[in-house]
Amino acid sequence: MMRFATLMKHPADWMIGKHANNEVVITSRIRLARNLNNLSFPGWATKAQRIESLELVRPKVEALKVMKNGFSHELSELEAIQKQVLVERHLISREQAARGQGSAAVVDRGQRLSLMINEEDHLRMQSIRAGLDLRGAHKLLGKVDDALEQELEFAFDSELGYLTACPTNLGTGMRASAMLHLPALVLTEQIGQVLQAVNKIGLAVRGIFGEGTESLGHLFQISNQSTLGESEEVIISRLERVVSQIQTHETNARLKMLEDEPNQLSDKIGRAYGILRYATMFDSKEAFAHISLLRMGAAMGYFSDGIMQVCDSMMMDIQPAHLQLHAGAELDPNQRDLIRAEILRSRLQSLDAPATSISNDHLVSGENSTGDLNFENE
């Protein structure tokens, strides 16, 4: 199996290469919760019971064809910084990082699939794809789920569906989500209307690391809130339609900024580039805000090809645990701010300054105006 150091050397598949349609929707994720029949859920299980379920599940997961030469590690054997890096890469949850003995993570080589063993449930399986590709993520994870169900007996009720530790996951046990980059909606002060409309139809809006976290770099995670009484197809279709509409609103907001205030827009992107290129200290929040503007500028044609992937890579590598792993030592906030700026200056050294003006030819306006924020019929 892959060592931790090897996993860290390779960015996730969704971060590399040029992906179609990921300028606004960065990633799509499908997560399934499953539990073993007749065994206590991890939150109520004794240490011995957690180890028992781990020893039952982990070999079956590692034996999956898609997990060949992947990463598999018990969480209690990893250092705190290593676990936090996995959280920052969205491979495990903050809750699992806090778990003790009897919890493990198994990840495929491309970091498209991550299976958490003994988090809140015996199995939390997730698939991440670039752009708006909920169906691709669902198809891949469905194959994994079907293969494991041939080997393990999952807790299932004919009326309630799959039994889960949290009642909101009852039924399909599925959470579908998308990570969206919405700087124009924030800058034009439309984001409040959009998020209010999304919440109104029962979808959840969270920060970059899920529940209880703030939005950094104008990144928002939108997901279904409950699974009971709805099919996987209904959940995916609803989220797909809403995310597509938000994507249209963001594109239209960018187009309107370009048409109404081209000089101000160019100035914002140029200032972000200049500050990132030459500043010597950055905290996470400020760095993310400036990278967000560069990423929007890249999508709008202010930079040459390739900067989008640079931005996504920088957003990952400047997070606290990644910085400390890079330095090989525990760092205080001031030290992290210095190293963060050093990394940003290095990454942007060979990048040409943004154009001072662009055409709007490649920014295609969507069918819906930015004023139509009613998703209730979706």
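The values are calculated or read from the model by the stated rules, or taken from the named source; none is laboratory data. Every value quoted in this text rests on a predicted model; they were computed, and no experiment measured them. All Cβ positions, even for glycine, are placed from backbone atoms using ideal geometry, and neighbour counts span all protein chains on display. Just so you know, the surface numbers come from the protein's heavy atoms only, side chains and all, with ligands and any DNA or RNA stripped out. Shrake-Rupley method; radii C 1.70, N 1.55, O 1.52, S 1.80 Å.
Assorted remarks:
- Taking every residue in region 331-348 that is more than 16 Å from Ile291 (Cβ to Cβ) and without any contact (Cβ under 8 Å) to a residue 24 or more places away in the chain and pairing it with any residue that is acidic (Asp, Glu) and surrounded by fewer than 18 Cβ atoms within 10 Å (Cβ to Cβ), at least 6 positions away or on another chain, yields no pair with a Cβ-Cβ distance below 7 Å.
- Residues of region 342-358 that turn out to be in contact with a Ser or Thr (Cβ under 9 Å, 6 or more places away or on another chain) and surrounded by 13 or more Cβ atoms within 10 Å (Cβ to Cβ), as a count: 7
- Filter result (aliphatic (A, V, I, L, M), surrounded by fewer than 18 Cβ atoms within 10 Å (Cβ to Cβ) and more than 16 Å from the chain's Cα centre (by Cα)) within region 290-327: Ala327
Residues are listed down the side, and each one gets a yes or a no for (1) among the hydrophobic types (A, V, I, L, M, F, W, C); (2) more than 30 Å from Gln245 (Cβ to Cβ); (3) in contact with a Gly (Cβ under 9 Å, 6 or more places away or on another chain); (4) not in a helix (DSSP H, G or I):
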position	(1), (2), (3), (4)
Thr6	no, yes, no, no
Asn21	no, no, yes, yes
Thr27	no, no, yes, yes
Ile30	yes, no, yes, yes
Asn38	no, yes, no, yes
Gly43	no, yes, no, yes
Ile51	yes, yes, yes, no
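- Filter pass, Gln82 being without any contact (Cβ under 8 Å) to a residue 24 or more places away in the chain and more than 15 Å from the chain's Cα centre (by Cα): no
- Of the listed requirements (1) part of a loop (DSSP other than H, G, I, E, B); (2) at pLDDT 85 or above; (3) surrounded by 13 or more Cβ atoms within 10 Å (Cβ to Cβ), Thr370 misses just one: (2).
- All conditions but one from (1) touching a residue at least 60 places away in the same chain (Cβ under 8 Å); (2) open to solvent by 10 Å² or more (accessible area, probe 1.4 Å); (3) under 26 Å from Leu185 (Cβ atoms) apply to Asn263; the one that does not is (1).
- Selected residue [open to solvent by less than 20 Å² (accessible area, probe 1.4 Å) and either among the aliphatic types (A, V, I, L, M) or touching a residue at least 60 places away in the same chain (Cβ under 8 Å) (or both)] from Leu163, Leu170, Leu134, Leu140: Leu134
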